[in-house]
Amino acid sequence: MGTTHDQGVCIRQWDFSETSQTVSLFGRSLGVVRGLAKGARRERGAFDGGVDLLSRGEFGAIIKPNRDLATLTEWDLLEVFPRLRTDLIANQAAFYMADLVGRMLQPEDPHPLLFDCFVESLRTIGAARSPEEPPPNGTGSLLVFQWTLLSETGYKPTLTSSAPSDVFEFAPASGGILQPGEATDGPRWKVRRTTLECLATIGALPEHNTPSVTVDRANRLLAAYTCHILGTEPATMRAVFSKSSS
């Protein structure tokens, strides 16, 4: 069995021994790969002294059928995101995104579009900046990531309605806006028209001056929908959305 190479982001890690690690890597071409990096913590070796959480690198892996763990053969660090270590809000958002990747994707199921979106979101919220620079649009990047994740995993919500209303009802069981008179099993969530309009133009968020409160409501809607899909509320989600929305 040969070695396969890919670029990836470390979304989870465990210490296996004093010198080795078990890691989950989200690869662009391989998808989520869980593997054992023997000797990863040795200063001189094939792993640059270890695989750090939420860092991007090139890796080699020997993936054998019916094995829970791949054998990682190397890790070449390419990119880190400094603000994730110093900014609590950025750190919580990054951990939330990494957690969702691990929960929503099946092992070795590649999603290159989602990978690119994930990396770009990490760059937006995690890049170093000078005090004179304006803060990045972290909530906008998080919204784009959540939308891309749902779309890539087959849960893209349907948000169109013919009703001339400013408030609609979203049914998480069907993943869409209820049409007038439509019945549904399960909860109904009130959604403002401005929230739907925000999601309809999600690809243009960085250029549009969408009010932050609207972006926040859209983020919370997608997070609640994701929570419904998972059947549980991840702790990382609570950390990001713990503050009440106005």
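A short reminder: the numbers here are calculations on the coordinates, not readings from a lab. Owing to the predicted nature of the structure, the values given are computational and were not obtained by experimental measurement. FYI the Cβ positions are ideal-geometry reconstructions off the backbone, even for glycines, and counts take in every protein chain you see.
Tabulated data
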read-out	value
Cα-projected label distance for ASP87 with ILE229, points at 7 Å along beta-carbon direction, nm	2.6
Mean projection area, nm², convex hull over Cα of the chain	15.4
Angle in degrees between helix 112-126 and the longest Cα principal axis of the chain, rounded to the nearest 10	90
Gaussian network model of the chain, springs between alpha carbon atoms under 10 Å - residue of GLY140, GLY39, GLY31 with greatest fluctuation	GLY39
Cβ charges +1 (Lys, Arg) and -1 (Asp, Glu), total dipole of the stretch 82-240, debye	340
Cα-based helix-to-principal-axis angle, 212-230 vs the chain, degrees rounded to 10	70
Between 0 and 90°, nearest 10: helix 88-104 axis offset from the chain longest Cα axis	90
Theoretical gain in end-to-end length, ASN209 to ARG67 [0.36 nm per residue, Cα-Cα removed]	46.3 nm
Highest-fluctuation residue, ALA183, ALA37, ALA90 considered, GNM on the chain with Cα pairs under 10 Å	ALA183
Ranking of TRP147, TRP189, TRP75 by count of other Cβ atoms within 10 Å, fewest first	TRP189, TRP147, TRP75
Added length on full extension, which subtracts the Cα-Cα distance from 0.36 nm per residue, SER29 to ALA183	51.3 nm
Pair ASP15, ALA200: separation of 7 Å Cα→Cβ label points (nm)	5.3
Residue-span extension gain [ALA128 to THR158] - 0.36 nm each, minus C-alpha spacing	7.1 nm
Square roots of 5 times each gyration tensor eigenvalue, C-alpha, the stretch 4-79, largest first, Å	16, 14, 11
Sparsely packed GluC sites (Glu not before Pro) within the stretch 1-100, loop by DSSP, other Cβ within 10 Å at most 16	GLU18, GLU43
Listed residues PRO172, PRO211, PRO234, most fluctuating in the chain (Gaussian network, C-alpha, under 10 Å)	PRO211
